[in-house]
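Novice: Got a structure here, written out as structure tokens. Questions coming.
The values are calculated or read from the model by the stated rules, or taken from the named source; none is laboratory data. Keep in mind that what you see is a predicted model, and the values were worked out from it rather than measured. When we count neighbours, we look across all protein chains shown, and the Cβ atoms used for this are built from the backbone with ideal geometry, even at glycine. Keep in mind that these areas ignore ligands, DNA and RNA; they rest on the heavy atoms of the full protein, side chains included. Shrake-Rupley method; radii C 1.70, N 1.55, O 1.52, S 1.80 Å.
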Amino acid sequence: QRRVHGEDNHGLSLFEARMRVLCALCLLLASWSFCASVAYEISQPESVKLVYGQRTTFSVTVDNPEDRPFIKFGCDQFSITCARPVDEDRYDLYDLRNCEINNSEFVLEVQLRGVCAYNTIPVRLLRGPRDEEPLATANWQIARWFMTSNAHKALKVFYPVDQTADIFRPAMPYRLSHPVPVTHDHERYLQDYVEFGYQVRGDGFHAAAINFKPQDVTDTMCDVGTATDLQVVPRYGVINTSNMGGNLEVTPPYPDYPRGRIVYGTSDSNPFPRALRAFLNEQDLQTPLIAVDVDGLKVGHVDEVLSFVPLISPSRQNRAFKVLFPSISDGLKTIWKNRQKPFLNPPRKLSKEDLVQFKFLFYAIGVKECQALEDDEEGSEEMPACNPLEITGNQIINTVLKRVPNFQSGHHIVLNHGAHRVPYQYRIGEWVTLDKTFKEAEKTLKAALGDVMEAIHIPILMNKDKAMFPNMVNHLVFVDERDHVQHIVPHSYITGFNQQFQNRVRRGDRPFKSRRYVKFVDDYKDYHEGAGDTHCATNALRSHDTHLKYYTDE
């Protein structure tokens with residue numbers, strides 16, 4: 001009223017005074033609300049994104065220095081240095097009573113000790129271990145993980161060594177080779193123990209090996225000086241399987257997929273673990289995943305039906321890599337082509353014990369009873385001597401292959417359904433089924449990858465329970481320190497098969513043919529008899545860089 005009448009232009013009206021008091025109260029309430037909101041707080045880790053095995057610090061702010069809250073992670077693979085888990089079987093809930101506090105703040109050291117299903121982990125601060133309402137929350141990020149392919153440069157190549165077998169050492173490059181001592185037969189298959197890869201973070205790449213079998217074998221492989229930051233991720237949580245390393249492959253990089261795509265095998269009798277598939281999809285670096293049906297195979301791993309091979313030179317057809325597939329049809333064609341020669345072509349002189357291993361060949365050609373002996377020994381009337389090295393391709397063709405329905409000589413061998421009563425090792429019906437499995441795998445990859453892949457057929461003889469002879473597709477491929485592509489291949493033992501492998505793998509390599517090396521090893525007795533070949537027995541730690549510029553998406 002005074003302002004209206006001009007009495008005091010600098011005075012305040014009652015309304016304005018009330019508004020100022022109200023504003024002051026609002027500011028006071030807001031400050032109280034702000035203080036209450038920051039009384040409990042969980043900070044982000046110092047490293048921003050968590051890396052497996054590495055320790056990092058974070059802080060927890062509380063309202064009262066006397067408070068000793070609990071912290072709960074959305075994954076049971078965390079450990080805090082100063083705290084113990086509430087449940088000894090789970091590593092997701094920790095009591096902070098034994099941790100030091102400074103001015104209402106805990107400074108804690110945390111470690112991600114195992115694989116989590118998701119890359120975003122919720123973290124909650126609780127007043128009690130059973131409370132549902134959190135005092136504070138935060139979301140942490142785990143650095144994404146990816147596998148390395150055969151096109152990535154090898155840093156270390158691992159192979160098993162025991163008192164009776166050391167067959168891989170002569171074939172391995174000296175600077176890359178890393179022997180792994182084993183004591184039991186099941187430890188020989190190193191591929192199933194660990195899968196090497198890297199995590200991607202702002203400060204670079206961090207080597208992380210997912211461990212499927214926590215034993216001394218894995219520790220030996222991962223205790224290498226080449227990658228000082230290599231972390232071993234135990235098989236806790238979602239990775240809870242004992243036989244998966246050989247069932248994971250990844251394509252070399254190609255346009256739109258600079259890290260390649262993961263390929264795995266699955267079947268009705270042995271489905272791929274759902275949790276592991278979810279983990280791989282969560283990484284979102286090598287997706288969409290490609291599932292290959294491996295039904296009909298005893299082991300059921302994808303490395304039995306395909307192998308990715310880097311190119312030596314850029315392809316004129318815009319192809320980025322080769323894919324090897326086993327082919328029983330091509331195996332029969334190769335036998336026909338070499339029918340005048342001995343069926344077996346072993347890499348060494350076979351002993352009497354070795355000859356007994358091939359006794360099934362005589363059952364196949366109709367000799368019911370014979371004794372495998374050395375060349376200079378004679379059999380008896382009751383048990384005639386027989387030498388598998390004397391069996392020719394013609395004998396196999398005349399007694400076994402002619403039972404194949406619609407078998408035609410020459411280069412037009414067709415496998416159709418219609419099993420016949422033949423010896424166990426030569427079940428023709430199983431040949432038909434397995435050849436279809438191999439062809440379906442090729443169709444699956446062709447549909448997923450398109451023209452970037454070149455399919456190469458490798459001859460093989462194989463039945464459901466076991467490959468009769470080593471599977472050359474199951475071999476080790478790596479790029480050495482000179483950017484040369486190395487192939488460590490199991491010797492096939494069958495005349496013509498090794499030559500076919502070399503011819504087809506090296507096809508198109510000119511004028512860089514000298515940059516691809518193919519070396520054969522005799523793994524029949526030590527590894528093939530145990531239902532695994534060279535790829536199953538070996539492993540490799542590779543760089544995150546392909547070192548082959550035509551593989552990049554630039």
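Novice: Pairs K298/K352; K322/K352; K298/K443; K153/K349; K341/K439: which are spaced more than 32 Å apart, C-alpha to C-alpha? Intermediate results must be reported in sequence, preceding the final value.
Specialist: Details: K298/K352 29 Å; K322/K352 40 Å; K298/K443 21 Å; K153/K349 36 Å; K341/K439 29 Å.
Distance filter (> 32 Å) returns K322/K352; K153/K349.
Novice: In terms of the Cα gyration tensor, with a ≥ b ≥ c the square roots of its eigenvalues, is segment 70-213 rounded because a/c is under 1.5, prolate because a/b exceeds b/c, or oblate?
Specialist: In terms of gyration-tensor shape, prolate.
Novice: Sort segment 52-134 into rounded, prolate or oblate with this rule: let a ≥ b ≥ c be the square roots of the eigenvalues of the Cα gyration tensor; rounded if a/c is under 1.5, and if a/c is not under 1.5, prolate when a/b is larger than b/c, oblate otherwise.
Specialist: Prolate, because a/c is 1.5 or more and a/b exceeds b/c.
Novice: Mind checking the per residue accessible area of segment 293-359 for me, 1.4 Å probe, whole number of Å²?
Specialist: Value for segment 293-359: 41 Å² per residue.
Novice: Could the peptides 282-288, 178-184 be put in order, highest first, of the mean number of other beta-carbon atoms found within 10 Å of their residues?
Specialist: 282-288, 178-184
Novice: For the pair V86 and R144, what calculated FRET efficiency results from E = 1/(1 + (r/R0)^6), where r is the Cβ-Cβ distance and R0 = 22 Å, to the nearest 0.05?
Specialist: 0.15
Novice: While we're looking at this one, here's another question. Checking the a/c ratio against 1.5 first, then a/b against b/c, what shape does the Cα gyration tensor give for segment 91-135?
Specialist: On the way: a/c = 2.09, a/b = 1.34, b/c = 1.56.
In terms of gyration-tensor shape, oblate.
Novice: Need the full-extension length gain, A117 to S351, defined as separation in residues times 0.36 nm minus the C-alpha distance. One decimal, nm.
Specialist: Contour length minus Cα-Cα distance gives 79.0 nm.
Novice: Shifting gears a bit: Arranged from highest to lowest average of other beta-carbon atoms within 10 Å per residue, in what order do the peptides 85-92, 389-396, 127-134, 149-156 appear?
Specialist: Per-residue mean Cβ counts within 10 Å order the peptides as 149-156, 389-396, 85-92, 127-134.
Novice: Rounded to the nearest 0.05, what FRET efficiency is calculated for Q502 and V161 with R0 set to 25 Å and r the Cβ-Cβ distance?
Specialist: 0.40
Novice: So, by mean Cβ neighbours within 10 angstrom, what's the order for 93-101, 433-441 with the highest one leading?
Specialist: Ranking the peptides 93-101, 433-441 by packing returns 433-441, 93-101.
Novice: Same structure, new question: What's the carbon and sulfur percent of segment 74-142's accessible surface, probe 1.4 angstrom, rounded to a whole number?
Specialist: Ligands and nucleic acids excluded, carbon and sulfur reach 38 percent.
Novice: On a C-alpha basis, how far is the centre of segment 277-328 from the centre of segment 130-178 in Å? Whole number, if you could?
Specialist: A separation of 19 Å, based on Cα centres.
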